Amino acid sequence: SPETLHPTASAEWVADAKAVAEANYSECRQLIKDKGLRFGRHAAEGFREIVERNQGRYEVPYGMQDSPLFSSPGLLANARLVPVLDAILGSGQGLGVSGDAEAVQQSEWRLLGRSVVMALPGAQEQQWHADGGHLDPKRHLRCHVLNVFMPLVDITEENGPTEIKPGSHYLSRDLARLTLLAKVKKQLRSPVSPLPKAGDALVFDYRVLHRGKANLSEHPRPILVLTYAKSWFRDIYNFPKRSVFDPPPEAEPTTTPEATGRTRETTEKAAREPPAPQKQGLPKSPEGDLVAGTVSMSGNAETHQLSSPPGPPPLGKDNDVGTVQAVGGHAQDPAAATGVAGGGVAHREEVDSVEEGRIPDHAT
């Protein structure tokens, strides 16, 4: 279940953080405008520094690492937060938050990312989604990534709380089948919409189904997002590689008359010759990975898509529950066979019950 830690930050810190977050958002948008960059919705059309998740809702890592407010050990290794992280992600020393390579190797978990989700007035309600997939499509493993949401304003029904389906991290591995089985056994739990105050922290498993509700207020609703993960985990889905600071593409080289003549000759020759027969094979993604139907292979990771509706890539923060994936091929913690989800220990018999579509009564 989601856990709320309150308060984890002082009122003064929250006010300063809110001001910096709003300034970062405005500065990033202005930078994109000044450079004339193409900026659309979802990660595929966004930048490493900002992604529009849905209409009016922006996730903004821009400026986070450069701000002392968002880099202090008092925030990233908060005294109330570290015991929770240790209990869920392992028995690490909390050293990975510093960013030091040697410290990361010594810790079982680390800070994976930090950003602010800015829901502007009029931001629409999101679809249900999980921020990431499961490591093993055939069995439930312990939590490997954890979200910490810290609102920088009081959350109300009007400005759009985060709605969560408790226990859904047990189901999102094979959503359609396990949800049906849990429904038959009357194990499904109703969605909840916590209303934390500014500076509180809402903690939940990366695989939990959740969504941001519409912002019906007249003010932005900023939420600080700290994502912690097992030290070996990397998120390759939720943010693109391109940056607002990338150099502009090189201009096309000037074509000489001689080159123009050779190009015209080649074109005319091609027009006189019949086209060569094309080899039939598997289609490829823009990155060159082979894609066959709804199963794709990329490196050592295999993804299984439950359905293939039109829209954004089928995993992560931009997507709805119809495209939740189970992801295999990542390095795994040998101790994960016993399973820890959301901070509660899942014993072997509990894992077996999940295989049968039953959520353990005390599952968290």
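The values are calculated or read from the model by the stated rules, or taken from the named source; none is laboratory data. Since we're looking at a predicted model, the values are computed, not measured. Counting neighbours? That spans all protein chains shown, and the Cβs are built from the backbone with ideal geometry, glycine included. Just the protein is used for accessible areas: all its heavy atoms, side chains included, with ligands, DNA and RNA removed. Shrake-Rupley method; radii C 1.70, N 1.55, O 1.52, S 1.80 Å.
Considering region 143-154 alone, what residues qualify as being over 18 Å from the mean Cα position of the chain (by Cα) and either more than 22 Å from Val51 (Cα to Cα) or surrounded by fewer than 22 Cβ atoms within 10 Å (Cβ to Cβ) (or both)? The answer is Val153, Asp154. A single member of Leu171, Leu226 is surrounded by 18 or more Cβ atoms within 10 Å (Cβ to Cβ), within 26 Å of Ile50 (Cβ to Cβ) and under 21 Å from the mean Cα position of the chain (by Cα), and it is Leu226.
For region 151-169, filtering for residues that are outside any loop (DSSP other than H, G, I, E, B) and at pLDDT below 95 leaves 2.
For the structure I just gave you, tell me whether Val203 is surrounded by fewer than 20 Cβ atoms within 10 Å (Cβ to Cβ) and over 13 Å from the mean Cα position of the chain (by Cα).
no
Considering the conditions (1) among the acidic types (Asp, Glu); (2) surrounded by fewer than 21 Cβ atoms within 10 Å (Cβ to Cβ); (3) modelled with pLDDT of 60 or more, Glu252 is excluded by exactly one of them, (3).
Leu180 - would you say it is surrounded by fewer than 22 Cβ atoms within 10 Å (Cβ to Cβ), in a loop (DSSP other than H, G, I, E, B) and out of contact with any Lys or Arg (no Cβ under 6 Å at 6 or more places or on another chain)? Quick ask: steps written out before the conclusion?
Working: surrounded by fewer than 22 Cβ atoms within 10 Å (Cβ to Cβ): yes; in a loop (DSSP other than H, G, I, E, B): no; out of contact with any Lys or Arg (no Cβ under 6 Å at 6 or more places or on another chain): yes.
No.
The residues of region 231-244 that are more than 19 Å from Ala21 (Cα to Cα) and open to solvent by 10 Å² or more (accessible area, probe 1.4 Å), listed by number, are Ser231, Trp232, Phe233, Arg234, Asp235, Ile236, Tyr237, Pro240, Lys241, Arg242. Only one of the numbered conditions (1) within 23 Å of Pro166 (Cα to Cα); (2) in contact with a strand residue (DSSP E or B) (Cβ under 8 Å, 6 or more places away or on another chain); (3) modelled with pLDDT of 95 or more is not met by Ala214, and that is (2). For first residues located in region 52-65 and free of Cβ contacts under 8 Å to residues at least 24 places away in the same chain, partners that are assigned to a strand (DSSP E or B) and among the basic types (Lys, Arg) and lie 6+ apart or on another chain with Cβ distances below 9 Å form the pairs Glu52/Arg41.
Of all residues being modelled with pLDDT under 90 and under 19 Å from Ile88 (Cβ atoms) in region 105-121, which is least open to solvent (accessible area, probe 1.4 Å)? Just the residue, please.
Restricting to residues being modelled with pLDDT under 90 and under 19 Å from Ile88 (Cβ atoms), the top hit is Ser107.
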